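> Structure provided below as structure tokens; questions to follow.
The values are calculated or read from the model by the stated rules, or taken from the named source; none is laboratory data. Computed from a predicted model, the values in this text were never measured in an experiment. Here Cβ is always computed from backbone atoms with ideal geometry, including for glycine, and neighbour counts include all displayed protein chains. Heads up: the accessible areas ignore ligands, DNA and RNA and are worked out on the full protein's heavy atoms, side chains in. Shrake-Rupley method; radii C 1.70, N 1.55, O 1.52, S 1.80 Å.
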Amino acid sequence: PSHPLQMPRSWDDRYLEQIGQGGSAKRVIAVLPFEVSSSVPAGEVMKVGDMMMTALFKTGVFELVEREKIAQVMSEQRLKTSGAIDDVSQAAEVGKMLGAELVVFGAVSGAGQNKIDKFAYDMIETHVRIDVRAADTTTGKILFSETADGLSESKVITSADGTRLSGAIDTGAEYMKAISTATQQVAMNIWKLYPV
């Protein structure tokens with residue numbers, strides 16, 4: 001049996017008109033700074049928004065609003081640039097001011113490191129949890145909501161007297177690897193909203 005062709009639920013005929021007039025087929029997306037929970041170690045996880053932008057850019061589906069433009073609008077609206085927008089209507093309004101069709105925002109809800117004794121070596125696990133939402137700036141409706149976990153693992157071998165023999169840990173680099181894993185997962189799932 002044949003099935004009728006179904007367009008993705010995010011489809012809008014305006015994109016055909018836009019392409020027909022020589023415009024871009026890419027959706028314009030703004031990534032707002034992410035809020036960082038007070039329980040999260042500061043510093044290493046502050047660049048989640050930047051890494052989310054990179055991951056979304058790599059999909060090839062989106063045009064991204066520049067970080068400087070986002071900071072300017074947030075400053076003009078007297079919003080915290082450290083990432084305090086967690087209200088959907090406020091995020092959609094900021095996205096609209098930026099000329100974006102979709103706005104991505106969220107929070108780093110957890111991050112930390114654990115040492116696991118594997119007898120011959122220690123495994124250092126670095127984990128980051130991010131909560132991400134995406135809203136349509138025209139309707140103000142949430143199109144996407146997801147929690148993603150990023151994990152980075154590194155082996156450390158020490159001698160009986162505690163001297164580190166191999167596996168030096170760069171804490172910042174390990175957090176960045178974990179963040180990269182989480183943001184790539186989310187970016188691919190946002191991309192699935194716009195498969196055409």
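> Please go through region 158-180 and give me each residue that is modelled with pLDDT of 80 or more and more than 30 Å from MET97 (Cα to Cα), ordered by number.
ALA173, GLU174, TYR175, MET176, LYS177, ALA178
> Still on this structure, I have one more. Somewhere in region 140-147, is a residue on the phi < 0 side of the Ramachandran plot and assigned to a loop (DSSP other than H, G, I, E, B)?
Scanning region 140-147 turns up at least one residue that is on the phi < 0 side of the Ramachandran plot and assigned to a loop (DSSP other than H, G, I, E, B).
> Could you list all residues from region 55-92 that are open to solvent by 70 Å² or more (accessible area, probe 1.4 Å), modelled with pLDDT of 90 or more and under 21 Å from GLU146 (Cα atoms)?
Scanning region 55-92 gives PHE57, LYS58.
> Answer yes if at least one residue in region 167-183 is open to solvent by 80 Å² or more (accessible area, probe 1.4 Å), in a strand (DSSP E or B) and farther than 27 Å from VAL73 by Cβ, and no otherwise.
Within region 167-183, not a single residue is open to solvent by 80 Å² or more (accessible area, probe 1.4 Å), in a strand (DSSP E or B) and farther than 27 Å from VAL73 by Cβ.
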